[in-house]
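**Student:** Quick one: structure below, then a few questions.
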Amino acid sequence: MSGPVITLQGVSKRYQDVPVLDIPSLTLPSGIYWLQGENGAGKTTCMKMMAGLIPFKGDIWLQDNISCSRQPVQFRRLINYAEAEPLYPSFLTGRDLLDLYLRTKGGDREQIQKIGERLGVDIYLQNPVSSYSSGMLKKLSLLLVFTGDPVLILLDEPLITIDAAALRVLYDLIRTSHQRGVTFCITSHQPLDLAVTGILTVANRNITLN
Amino acid sequence: MRSILSKIFIQRYYIQNTGFFLVIFYLFFGVVNGDSLINYHLSLMEGFLGNYGFLAAVLLLWCIYGLKCAGFVLKTFQLQEFSFLYPTLGSVPGPARHRAWLFLHAGIYLPVLIYAAIAAGVGISRHYYLSSFIIVVFNLAMCCWPLPVYERKLHHPDVYFFTGSLQNLINRHFVKHPVLYFPYELVINFPRRLFIIKLVSAGILWLTFYLLSQTGAFDLRGLQIGTMLCVLAHLQLILHHRTFDDTYLGFLRQLPVSLFVHYLRTAGVYCLLFLPEMIMIIVRVRSFDLLTIFATQLSLLILFRCLLYFPRLHPELFVRYVLIISFAELFLILSWYQWPAILILQGAAGIIFFTRYRKYERAALPE
């Protein structure tokens, strides 16, 4: 896949009256990107904008033809996002969430079940999320991010709180998904054990690709 | 350990319920002349000591107060800032922990214990032995029954309202649809709030039907005004709904779901929330008027919820807008313009929802 996966055009974001991000233009071809920046630089805000979770000025395009503002449903079908600290209603079970994601995002249920087994999520899927540890919740959110048929997966601090075995599975999933054409954008303060295509740096309210 | 438990539970309880105790204090000591205060209370005590029906009513009130106390302790356990209580109290030896539970529950239940002890003393001195015995046994039971409940909460932090096995059964056999999330949140985590609002709403409806029956002829407008008041009784739940959506349901915005489906979900939430009132109305009214009534109340509920997609609309401003809309609606109802009013409400709700939903972002509101 040689064309751009995601294009940010004149994107800016303010919280109250404080400008947080101002990205004139950014185009990313297929690859695995490591999004870096200091605390508070705007990494999570950038990811949330790319995922269509928060409003912003400008527009974001996927594969050059799906616009976040004009085709919001198709856009969300092609992009998945896992939060750094996922938060769900306490009474929901992992199964409730997985079922919802599979119904809306689509994807192969059996394949997701296999990923769940590899991550060790299948054991506690029936339990309410209030009984999960932060690591269990993180693994569930990582499982959800592989539902559907996305072209871009955004992982916000995926390495925190999960155990070493799950980390190995996650790296393997990223590699195999990338081989199938999925692009990844990952924030992490820890070094990544992946061959990254490029490093994105958030600084001075802009993002640059190195 | 007792001093920290006292700070967390007992002191917080009395601080949070200052208003409640002021009202009780006024009712008990403020309404009677100081000279006849002791006689008043002695007469009151003699009243329930000598009459088992009266005594049953008093015990019921004490029981409700006991439930309030136990609810406060369980609620405190659910607060994130007190989550450290699980490992700390969990590591205390069983007997010491049981004594701690008794100490903190008795500390909260203390006003009733003091009054009951005096009443029992008066009962013995005036030969009401059986009533005094009932009071003593009842209050001992009220001090003891919450202890296993607290113990269970300590070992099952995820169980809120349903018993663990029922919750497990539901989780095993049913997948919760997003339309159920908010009603589920209320039932599991805020049952008391839901119960009080539904009780008030049922009271309004009962009064409406009573007044309508007094007039002798059914007037649709009267019932519509009654249901409008029921909707206003739900304002706290509507504000709670926004907070719940903002805090927990951000992930729904990332799903590839059309705005229309999101709108239907919102409408579905209010259909479910208003189901008890709808049933109450269906039992009494059986005509085409039902459609007009339900359409009016649902349109109001949905519009009020949609107003909150203006992030800077804080609760005070929200109530002002709600009252303005309600007055306009009231005049339209009184002028027999029910369906134009419904169309206006639905149109306004739809326009706000479809233009604001994707642009909505939680704002930091002033306290």
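The values are calculated or read from the model by the stated rules, or taken from the named source; none is laboratory data. Since we're looking at a predicted model, the values are computed, not measured. We place every Cβ from the backbone using ideal geometry, glycine too, and count neighbours over all the protein chains shown.
**Student:** Kindly indicate whether any position in the range A:45-53 is assigned to a strand (DSSP E or B) and within 14 Å of chain B (Cβ to nearest Cβ). Can you show your working first?
**Tutor:** Taking the range A:45-53 and keeping what is assigned to a strand (DSSP E or B), we get none.
No, the range A:45-53 contains no residue that is assigned to a strand (DSSP E or B) and within 14 Å of chain B (Cβ to nearest Cβ).
**Student:** Cβ-Cβ below 7 Å, separation at least six or inter-chain, first residue in the range B:221-233 and without any contact (Cβ under 8 Å) to a residue 60 or more places away in the chain, second small (Gly, Ala, Ser) and assigned to a helix (DSSP H, G or I): which pairs?
**Tutor:** Once the first residue is without any contact (Cβ under 8 Å) to a residue 60 or more places away in the chain and sits in the range B:221-233, its partners that are small (Gly, Ala, Ser) and assigned to a helix (DSSP H, G or I) give B:233/B:201.
**Student:** Among the candidates A:39, A:80, single out the residue that is out of contact with any strand residue (DSSP E or B) (no Cβ under 6 Å at 6 or more places or on another chain) and either surrounded by fewer than 18 Cβ atoms within 10 Å (Cβ to Cβ) or in contact (Cβ under 8 Å) with a residue 60 or more places away in the chain (or both).
**Tutor:** Details: A:80 fails: out of contact with any strand residue (DSSP E or B) (no Cβ under 6 Å at 6 or more places or on another chain).
Selected residue: A:39, the only one of A:39, A:80 that is out of contact with any strand residue (DSSP E or B) (no Cβ under 6 Å at 6 or more places or on another chain) and either surrounded by fewer than 18 Cβ atoms within 10 Å (Cβ to Cβ) or in contact (Cβ under 8 Å) with a residue 60 or more places away in the chain (or both).
**Student:** So residue A:75 clears everything in (1) more than 12 Å from chain B (Cβ to nearest Cβ); (2) not in a loop (DSSP other than H, G, I, E, B) except one condition, right? Which one?
**Tutor:** Against the list (1) more than 12 Å from chain B (Cβ to nearest Cβ); (2) not in a loop (DSSP other than H, G, I, E, B), residue A:75 comes up short only on (1).
**Student:** Which ones in the range B:73-96 are assigned to a helix (DSSP H, G or I), of a type in the set (Phe, Trp, Tyr) and surrounded by fewer than 17 Cβ atoms within 10 Å (Cβ to Cβ)? Outline the logic, then answer.
**Tutor:** As a first pass, look at the range B:73-96 and keep what is assigned to a helix (DSSP H, G or I): B:73-78, B:80-82, B:85-90, B:94-96.
Those left that are additionally of a type in the set (Phe, Trp, Tyr): B:77, B:82, B:86.
Answer for the range B:73-96, where residues must be assigned to a helix (DSSP H, G or I), of a type in the set (Phe, Trp, Tyr) and surrounded by fewer than 17 Cβ atoms within 10 Å (Cβ to Cβ): B:82, B:86.
**Student:** Could you please let me know if residue B:310 is at pLDDT 90 or above, in the same structural domain as residue B:263 (by TED's automatic domain parsing), not in a loop (DSSP other than H, G, I, E, B) and not charged (D, E, K, R)? Quick ask: steps written out before the conclusion?
**Tutor:** Numbers: at pLDDT 90 or above: yes; in the same structural domain as residue B:263 (by TED's automatic domain parsing): yes; not in a loop (DSSP other than H, G, I, E, B): no; not charged (D, E, K, R): yes.
No: the conditions fail for residue B:310.
**Student:** Here's a follow-up. Give me the residue from the range A:104-117 that is part of a helix (DSSP H, G or I) and at the interface with chain B (Cβ under 9 Å from one of its Cβ atoms) and, out of that set, nearest to the chain's Cα centre (by Cα).
**Tutor:** As a first pass, look at the range A:104-117 and keep what is part of a helix (DSSP H, G or I): A:104-105, A:109-117.
Next, only the ones that are at the interface with chain B (Cβ under 9 Å from one of its Cβ atoms) stay: A:104-105.
On the way: A:104: 17, A:105: 14 Å.
For the range A:104-117, the residue satisfying everything is A:105.
**Student:** Out of A:162, A:207, A:199, which single residue is more than 30 Å from residue A:3 (Cα to Cα) and either of a type outside the set (Phe, Trp, Tyr) or away from chain B (no Cβ under 14 Å) (or both)?
**Tutor:** On the way: A:207 fails: more than 30 Å from residue A:3 (Cα to Cα); A:199 fails: more than 30 Å from residue A:3 (Cα to Cα).
Selected residue: A:162, the only one of A:162, A:207, A:199 that is more than 30 Å from residue A:3 (Cα to Cα) and either of a type outside the set (Phe, Trp, Tyr) or away from chain B (no Cβ under 14 Å) (or both).
**Student:** If the requirement is being of a type in the set (A, V, I, L, M), within 14 Å of chain A (Cβ to nearest Cβ) and either surrounded by fewer than 18 Cβ atoms within 10 Å (Cβ to Cβ) or part of a helix (DSSP H, G or I) (or both), which of these qualifies: B:169, B:212? Quick ask: steps written out before the conclusion?
**Tutor:** Working: B:212 fails: within 14 Å of chain A (Cβ to nearest Cβ).
Matching residue, one of B:169, B:212: B:169.
**Student:** Quick one: is residue A:97 modelled with pLDDT of 95 or more and not acidic (Asp, Glu)?
**Tutor:** Details: modelled with pLDDT of 95 or more: yes; not acidic (Asp, Glu): yes.
Here the answer is yes, as residue A:97 does meet what is asked.
Listed here are the residues, each with its yes/no results for (1) closer than 20 Å to residue B:266 by Cα; (2) of a type in the set (S, T, N, Q); (3) at pLDDT below 95; (4) not assigned by TED's automatic domain parsing to the domain that holds residue B:229.
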{"site": "B:296", "(1), (2), (3), (4)": "yes, yes, yes, no"}
{"site": "B:331", "(1), (2), (3), (4)": "no, no, yes, no"}
{"site": "B:335", "(1), (2), (3), (4)": "no, yes, yes, no"}
{"site": "B:338", "(1), (2), (3), (4)": "no, yes, yes, no"}
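**Student:** Any chance you could count how many residues in the range B:248-267 are closer than 19 Å to residue B:359 by Cβ, facing chain A (nearest Cβ under 10 Å) and under 26 Å from the mean Cα position of the chain (by Cα)?
**Tutor:** Final tally of qualifying residues: 2.
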